[in-house]
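Chemist: Let me give you the structure first, and then I'll get to my questions.
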Amino acid sequence: MSKETIVVIGAGVIGLSTALCIQQHLTPTQSILLVARDFPSETSVNYASPWAGAHYRPVPGSSPQALREADQAQRTYEFLKRTAAAEPGTGIKFIEGVEHLEAPPPEYLDQQSVRNVYSHLDKFQILGKEEVPAGVVWGVKYGTYVINSPVYCAHLLRKFVLNGGETRQYTLANLKEAFSMAGNVKTVVNCSGSGFEDPKSFIIRGQTCLVRNPVTKTITRQNTDGSWSFCIPRPLEGGTIIGGTKEPNNWDPNPSLETRQRLLANATKWFPFTSESGGQFDVIRDIVGRRPAREGGLCIEAEQLAGDRYIVHGYGAGGRGFELSRGVAEDVVAVMLEKRLLQAKASL
Ligand SMILES: Cc1cc2nc3c(=O)[nH]c(=O)nc-3n(C[C@H](O)[C@H](O)[C@H](O)COP(=O)(O)OP(=O)(O)OC[C@H]3O[C@@H](n4cnc5c(N)ncnc54)[C@H](O)[C@@H]3O)c2cc1C
């Protein structure tokens, strides 16, 4: 009998993180193949990962999704802290994060909710009235990370290949086709972002603008009209992301000039860009990406098919794929261990 091949679909941050976690548990009779339409060297509006800012900003709340994500985010924070310290070229940097909210939703005013998601952060501090700009009702600062998303994804892919993982660029027509990608496939791991026609999946369009102007911290401002503005410096001289829009079910692939002007005008008002730019932005490009969201949050579960074959799902990270990536990968692997599709082993 040939070796069993585990097929992971997707080379976004979720598929790559999951594939690396799976590699820690492979037995000598198992191998792993990553199949994807898009890899980190390319860009497509339907491939969310290279477009992400990306920063970590906790989200308070008490729904099952909010609680699950808070746990995944905290594990990811600790993992990325270890990674940044051990491997400086991975595109992760720990810096100060600031939030200024003009009309905080109720969960931000509930001290327990706030403590649940923020208190694990280094140097977390609630800002007093005198420390926040005019109009801001709720403010915090803390130690967070920013990620140069294409660099980090390329790092994950390189690590996967160095660990012996194989890759194939291929567009699958459906999930079942993945079982034909190698000779003996019993398990397919679905990290395709939108999950292959799951009726609960939807996209959230995001438009941001990448500029050369540097900034030293990541700041998020929520405006009274419900819109959000943020600046995210990308490590390793990757410029700064100025954001951004969140537009559910908007399929427009083209950047809007009007949106760019609004984002940059807000950034001039609120973010401390250094004075040598004279208030002008040096724009590298507009960005439009589709966040792969899902009602109720990520789907992480095993689906059994005839013949003792399994599809293990891990998709629907919405706007938080980087922040949740390691936690999601661990949770997908936990499902695989529970179903005995992998063997428990100490982490390498
Ligand atoms: C503008 C913007 C800003 C963002 N900012 C942040 C942020 O600050 N922090 C944060 O954590 N997240 C942020 N995100 C969200 C983040 O980008 C996503 O949550 C994350 O990239 C999702 O990763 P994924 O691996 O699930 O999906 P994707 O990155 O979309 O990857 C899906 C993979 O599946 C493959 N695939 C899909 N269908 C098929 C098929 N039929 N056959 C073969 N392969 C297939 C694709 O080719 C790809 O390799 C942002 C997103 C956008 C657009």
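The values are calculated or read from the model by the stated rules, or taken from the named source; none is laboratory data. Keep in mind that this is a model prediction, so the values were computed, not measured. When we count neighbours, we look across all protein chains shown, and the Cβ atoms used for this are built from the backbone with ideal geometry, even at glycine. Areas reflect the complete protein model, heavy atoms only, side chains present, ligands, DNA and RNA absent. Shrake-Rupley method; radii C 1.70, N 1.55, O 1.52, S 1.80 Å.
Chemist: Just name the residue that is nearest to the ligand (Cβ to nearest atom) out of those in the stretch 192-218 that are assigned to a strand (DSSP E or B) and surrounded by fewer than 22 Cβ atoms within 10 Å (Cβ to Cβ).
Modeler: Gly206
Chemist: Scanning for something of a type in the set (Lys, Arg), open to solvent by 20 Å² or more (accessible area, probe 1.4 Å) and within 7 Å of the ligand (Cβ to nearest atom), does the stretch 30-44 turn up at least one residue?
Modeler: So in the stretch 30-44, the residues of a type in the set (Lys, Arg) come out as 37.
The next check asks that each one be open to solvent by 20 Å² or more (accessible area, probe 1.4 Å); those that pass are 37.
Now drop any that are not within 7 Å of the ligand (Cβ to nearest atom), which leaves 37.
Yes - at least one qualifying residue is present in the stretch 30-44.
Chemist: While we're here: Read through the list (1) in a helix (DSSP H, G or I); (2) among the small types (Gly, Ala, Ser); (3) modelled with pLDDT of 95 or more, then give the number of the only condition that Ala182 fails.
Modeler: Just one mismatch for Ala182, condition (1).
Chemist: Does Tyr170 satisfy the criteria of being within 23 Å of Ile219 (Cβ to Cβ) and either among the β-branched types (Val, Ile, Thr) or modelled with pLDDT of 95 or more (or both)?
Modeler: Criteria not met by Tyr170.
Chemist: Something else now. Quick test for you: out of Gly139, Gly135, pick the one residue that is out of contact with any Phe, Trp or Tyr (no Cβ under 8 Å at 6 or more places or on another chain) and part of a loop (DSSP other than H, G, I, E, B). Walk me through it before giving the result.
Modeler: Details: Gly139 fails: part of a loop (DSSP other than H, G, I, E, B).
The unique qualifying residue is Gly135.
Chemist: Could you check, for the stretch 61-79, whether at least one of its residues is modelled with pLDDT under 95 and aliphatic (A, V, I, L, M)?
Modeler: Among the residues of the stretch 61-79, at least one is modelled with pLDDT under 95 and aliphatic (A, V, I, L, M), which makes the answer yes.
Chemist: Sticking with this one: Take Ala178 and decide whether it is open to solvent by 80 Å² or more (accessible area, probe 1.4 Å) and among the hydrophobic types (A, V, I, L, M, F, W, C).
Modeler: Taking the combined requirement at face value, the residue does not satisfy it.
Chemist: Continuing with this model, one more query. Which residues, taken from the stretch 239-273, are more than 21 Å from His55 (Cα to Cα) and in contact with a Lys or Arg (Cβ under 6 Å, 6 or more places away or on another chain)?
Modeler: Asn250
Chemist: Go through the stretch 233-248 and count every residue that is over 11 Å from Ile287 (Cα atoms) and either surrounded by fewer than 17 Cβ atoms within 10 Å (Cβ to Cβ) or in contact (Cβ under 8 Å) with a residue 40 or more places away in the chain (or both).
Modeler: 10
Chemist: More than 9 Å from the ligand (Cβ to nearest atom), in contact with a helix residue (DSSP H, G or I) (Cβ under 7 Å, 6 or more places away or on another chain), closer than 30 Å to Asp331 by Cα and assigned to a loop (DSSP other than H, G, I, E, B): does that describe Val189?
Modeler: Taking the combined requirement at face value, the residue does not satisfy it.
Chemist: Let me ask something else about it. Can you tell me which residues in the stretch 289-318 are under 25 Å from Lys246 (Cα atoms), assigned to a helix (DSSP H, G or I) and open to solvent by 50 Å² or more (accessible area, probe 1.4 Å)?
Modeler: Across the stretch 289-318, there are no qualifying residues.
Chemist: From Trp251, Trp270, grab the single residue that is touching a His at 6+ places or on another chain (Cβ under 9 Å) and open to solvent by 20 Å² or more (accessible area, probe 1.4 Å).
Modeler: Details: Trp251 fails: touching a His at 6+ places or on another chain (Cβ under 9 Å).
Being touching a His at 6+ places or on another chain (Cβ under 9 Å) and open to solvent by 20 Å² or more (accessible area, probe 1.4 Å) holds for just one of Trp251, Trp270, which is Trp270.
Chemist: Also: Consider the stretch 100-123. How many of its residues are out of contact with any helix residue (DSSP H, G or I) (no Cβ under 9 Å at 6 or more places or on another chain) and assigned to a strand (DSSP E or B)?
Modeler: So the count comes out to 1.
Chemist: Can I ask one more? Hey, does the stretch 57-80 have a residue that's part of a loop (DSSP other than H, G, I, E, B), touching a residue at least 24 places away in the same chain (Cβ under 8 Å) and within 11 Å of the ligand (Cβ to nearest atom)? Write out each step before concluding.
Modeler: Filtering the stretch 57-80 down to residues part of a loop (DSSP other than H, G, I, E, B) leaves 57-63.
Right, trim to touching a residue at least 24 places away in the same chain (Cβ under 8 Å) and you get 57-62.
From the residues that got through so far, the ones that are within 11 Å of the ligand (Cβ to nearest atom) too are 57, 59.
The answer is yes, given that some residue of the stretch 57-80 is part of a loop (DSSP other than H, G, I, E, B), touching a residue at least 24 places away in the same chain (Cβ under 8 Å) and within 11 Å of the ligand (Cβ to nearest atom).
Chemist: Which pairs have Cβ atoms under 9 Å, sit 6 or more apart or on different chains, and link a residue in the stretch 198-221 that is of a type in the set (Asp, Glu) to one that is open to solvent by 30 Å² or more (accessible area, probe 1.4 Å)?
Modeler: Pairs that qualify, where the first residue is of a type in the set (Asp, Glu) and the partner is open to solvent by 30 Å² or more (accessible area, probe 1.4 Å), are Asp198/Arg294.
Chemist: OK, next. Do we find a residue being under 16 Å from the mean Cα position of the chain (by Cα), buried (at least 19 other Cβ atoms within 10 Å of the Cβ) and in contact (Cβ under 8 Å) with a residue 40 or more places away in the chain anywhere in the stretch 156-166?
Modeler: Yes; the residues of the stretch 156-166 include at least one that is under 16 Å from the mean Cα position of the chain (by Cα), buried (at least 19 other Cβ atoms within 10 Å of the Cβ) and in contact (Cβ under 8 Å) with a residue 40 or more places away in the chain.
Chemist: Would you be able to tell me the number of residues in the stretch 55-91 that are in contact with a strand residue (DSSP E or B) (Cβ under 8 Å, 6 or more places away or on another chain) and at positive phi?
Modeler: Count: 1.
Residues are listed down the side, and each one gets a yes or a no for (1) within 16 Å of the ligand (Cβ to nearest atom); (2) surrounded by 17 or more Cβ atoms within 10 Å (Cβ to Cβ); (3) over 20 Å from Ile95 (Cα atoms):
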{"position": "Asp122", "(1), (2), (3)": "no, no, no"}
{"position": "Lys129", "(1), (2), (3)": "no, no, yes"}
{"position": "Ala134", "(1), (2), (3)": "no, no, yes"}
{"position": "Tyr145", "(1), (2), (3)": "yes, yes, no"}
{"position": "Asn184", "(1), (2), (3)": "no, no, yes"}
